[in-house]
Structures are given as structure tokens and as C-alpha cells.
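Heads up, the thing below is written out as C-alpha cells.
Bear in mind that the values in this text are calculations on the coordinates, not laboratory data. Every value quoted in this text rests on a predicted model; they were computed, and no experiment measured them. Neighbour counts are summed over all protein chains in view; Cβ atoms, including those assigned to glycine, are modelled from backbone coordinates with ideal geometry.
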Amino acid sequence: MNKLFKNRKGQNTVEYLLMLAVVVGVVLVAGVALKKYMPTLFASIQNMINGAAGTLGAGN
């Protein structure tokens, strides 16, 4: 029985589920960490776009 497990190759379903759980955990932690910075970031990007559009429109 031990020999059977030593010679197996590749991943099985449990290992893929563990990897998926780790990836989901990292994404959730990153999302919580970035949540407080997102409104400021989007407001900054919006101001840059509005400024560029205003400059472009003022050139006429």
C-alpha cells in the first residue's frame, strides 16, 4: 500500500481544492486590505480623466 502512494504522479482533487482555497483566501485578504484605498483611487482617476477631457475640450 505504501508503495502505491510513493509512485503516484500529479495532483489529485484534494490538492487542487487546497490550492483553490489558498488562492481564494489571498484574494479575500487583498480585497479587504485594498477596500479602504479604492474610493480614493477611483476619485483620483476620475479627476485625472475629467481634467484631461476638460483640457481637450478647451482646445477648440
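Structure above, values below:
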{"read-out": "In Hz, Karplus ³J(HN,Hα) per residue of segment 41-55 (6.51, -1.76, 1.60; θ = phi - 60°; x = Gly, Pro)", "value": "5, 5, 5, 5, 5, 4, 5, 5, 5, 5, x, 5, 5, x, 5"}
{"read-out": "Pairwise label distance in nanometres, residue 13 with residue 43, each label 7 Å out on the Cα-Cβ vector", "value": "4.9 nm"}
{"read-out": "Table column - 3J(HN,Hα) (Hz), segment 19-25, Karplus curve with 6.51, -1.76, 1.60, x for Gly and Pro", "value": "5, 4, 5, 5, 5, 4, x"}
{"read-out": "Where labels lie 7 Å past Cα in the beta-carbon direction, separation of residue 24 and residue 52 in nm", "value": "3.7 nm"}
